[in-house]
Amino acid sequence: MTTFPDGFLWGAATAAYQIEGAVAEDGRGPSIWDTFTHTPGAVLRGDTGDVACDHYHRWPADLDLLSELGVGAYRFSVAWPRIVPAGSGQINAAGLDFYDRLTDGLLERGIDPMVTLYHWDLPQALQDRGGWANRDTASYFADYVRVVHERLGDRVPYWLTLNEPYCSAFVGHLDGTHAPGLRDQRVAVTALHHLLLAHGKAVTALRADGVTGQVGISCNLTSVLPASDDPADLAASRRLDLHENRMFLNPLFFGAYPPDAAAQYGELSFVRDGDLELISAPLDYFGINYYEAHHVRADPVHGWQRVPPANPTATGIGVNPRGLRDVLERVYFDYTSLPLVVTETGLALHDYVAPDGGIDDHERIAFFEAHVRAAHDAMSAGVPLIGFFPWSFMDNFEWASGYGVRYGLYYVDYLTQQRLPKDSAHWYASVIKANGLTGDS
Ligand code: FCB
């Protein structure tokens, strides 16, 4: 039996664009993901979030499923283009009304809302003015955050400013596989800084407005290890660690970019006086999304090469629960004693409904069990972990993979919009009930 402390927060996570659909309803403006998904070739099979899980209309029944699971908290994101359709300026009351109802619906069911304020759906109108490469976007974000807080602040115990600034900056502006689909390192690192600045400005605005909920941010972090002790591999792994971890952790917790950043990206000339004080404004908790560990080899062209995993999953990444423990311990021992939350971890599969109606996803159960255990091991080593949120509550639009992979505890039949519990949903409900892992598997 692996038991967790009383009050441990077992949750489940989603994000607006991935589940809501209703992209042109009730005054929502277009976001960069609407543009990107409607760009031929950008997303697998041309899938879009136009309908997704139709959660915008089906939210009451979805919240009932969360009750069935027994979660103590639900992490969802607010779509900026529903609240401020053009990114700045006019506010859309209908958008606020939707999240107001959702928040009340959760509270009525005894579930704590954990609100992500930015999960990648930048209003397209701001992208047209340079997006995250434009410093003004950071201030517009803080303005929007104030509006959401004014409406929901009396009822939200957990706020997250950004989800995964790594993906927004580097996957969106360097790899080009996420919106806005750019491939330019200079633009990417500028966007990264403005994202962190947006976070800092939002934290400061929330404090100024008397926020009573806990304020944090979710970063996706990786465990990075050299493939050998060859000095070239060691140097490569240090560079990848800079790119995936230290470019986020150091400014947030030390108020400075790492000393090796300029060698990698060029002078960070977009940093202005006072920015890093804002970026490192004190937080109440820190969210970690963990999916990947990387073994790294030197590569003369790209500086590093991630060694392909021995047993890739449906998205090509490996499974490495030990990496979650390593990441949690690193953040605690090297960066901060703040309470930590695993705000995402999960496994992509090609789930299907068997003739008897069951959905056997024992690989996902094994994945979560191993990651829950790794989280518990980190706690035994002293890490102040207070919550664990599987990605995802239900199958949804998985960005560049469209509907081609599934991450949910609940299966979504996209033709009928029926939701069905997978075996992992039953398993997770029993973990929540027992407040830990029963059995010795
Ligand atoms: C993370 C995202 C989340 C989801 C999972 C699988 O990078 O935050 O929206 O797509 O990956």
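Using 0.36 nm times the number of residues separating Ala354 and Arg129, minus their current alpha carbon distance, what extension gain do you get?
Working: separation 225, 0.36 × 225 = 81.00 nm, distance 4.89 nm.
Here the segment from Ala354 to Arg129 would lengthen by 76.1 nm.
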For segment 2-437, the per residue accessible area (1.4 Å probe, Å²) is 36 Å²
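If you average the sequence gap of Cα pairs under 8 Å that are 6 or more apart and divide by the length of segment 189-328, what percent do you get for the contact order?
34 percent
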Considering only C-alpha atoms, what is the centroid distance from segment 1-67 to segment 345-370, in Å? 20 Å
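What value, in deg cm²/dmol to 500, does the helix sum -39500 (n - 2.57) over DSSP H runs of n ≥ 4 give at 222 nm once divided by the residues of the chain? Present the calculation step by step, with values, prior to reporting the outcome.
Numbers: 14 runs with 152 residues, N = 441.
Helices in the chain give a 222 nm mean residue ellipticity of -10500 deg cm²/dmol.
Given axes a ≥ b ≥ c from the Cα gyration tensor, I'd like to know whether segment 38-89 is rounded (a/c under 1.5), prolate (a/b larger than b/c) or oblate. Could the numbers behind the result be given before it?
Details: a/c = 2.65, a/b = 1.44, b/c = 1.84.
Oblate, since a/c reaches 1.5 and b/c is not below a/b.
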Could you give the distance between the Cα centres of segment 107-160 and segment 167-184, to the whole Å? 20 Å
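What percent does the relative contact order of the chain come to when contacts are Cα pairs within less than 8 Å and at least six residues apart?
Working: 912 pairs, mean separation 79.9, N = 441.
That works out to 18 percent.
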Mind listing the long-range amide H neighbours of Ser31? Cut-off is under 5 Å, sequence gap 5 or more, other chains count too, H placed in the peptide plane at 1.01 Å from N. Gln124
Gap in Å between the Cα centre of segment 240-279 and the Cα centre of segment 385-441? 35 Å
Return one quarter of the surface area of the convex hull spanned by the alpha-carbon atoms of segment 100-169, equal to its mean projected area, in nm². 5.2 nm²
Gain in span if fully extended, Ser430 to Ala262, counting 0.36 nm per residue against the direct Cα distance: 55.6 nm
What does the extension gain come out to for Arg272 and Thr39, with contour length at 0.36 nm per residue minus their alpha carbon separation? 80.4 nm
Long-range HN-HN contacts of Glu398 with modeled amide H, under 5 Å: Tyr403, Gly404, Val405
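Applying 1/(1 + (r/R0)^6) with R0 = 30 Å to the Cβ-Cβ distance of Asn311 and Arg183, what FRET efficiency is obtained, to the nearest 0.05? Provide the component values of the computation, followed by the final result.
Values: r = 30 Å, r/R0 = 0.99.
Computed FRET efficiency for Asn311 and Arg183 comes out at 0.50.
With a ≥ b ≥ c the root eigenvalues of the C-alpha gyration tensor of segment 2-437, is it rounded (a/c under 1.5), prolate (a/b larger than b/c) or oblate?
Details: a/c = 1.30, a/b = 1.08, b/c = 1.20.
Since a/c stays below 1.5, the shape of segment 2-437 is classed as rounded.
Which of the three applies to segment 292-344, rounded, prolate or oblate, going by the alpha-carbon gyration tensor with a ≥ b ≥ c and a/c under 1.5 meaning rounded? All intermediate terms of the calculation are to be shown ahead of the outcome.
Numbers: a/c = 3.00, a/b = 1.56, b/c = 1.93.
Taking the square roots of the gyration eigenvalues as a ≥ b ≥ c, segment 292-344 is oblate.
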If you roll a 1.4 angstrom probe over the protein chains with everything in place, what fraction of the accessible area of the chain belongs to carbon and sulfur, to the nearest %? 52 percent
Relative contact order as a percentage, segment 134-231, C-alpha pairs under 8 Å and 6+ apart, gives 40 percent
At a 1.4 Å probe radius, which order do Asp136, Asp128 fall into by accessible area, largest first? Asp128, Asp136
What are the residues whose amide H is under 5 Å from the amide H of Leu9, where those residues sit 5 or more places off or on another chain and H is modelled from the backbone? Gly387, Phe388
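The values are calculated or read from the model by the stated rules, or taken from the named source; none is laboratory data. Fair warning: this is a prediction, and the values are worked out from it, not measured in the lab. Here Cβ is always computed from backbone atoms with ideal geometry, including for glycine, and neighbour counts include all displayed protein chains. Heads up: the accessible areas ignore ligands, DNA and RNA and are worked out on the full protein's heavy atoms, side chains in. Shrake-Rupley method; radii C 1.70, N 1.55, O 1.52, S 1.80 Å.
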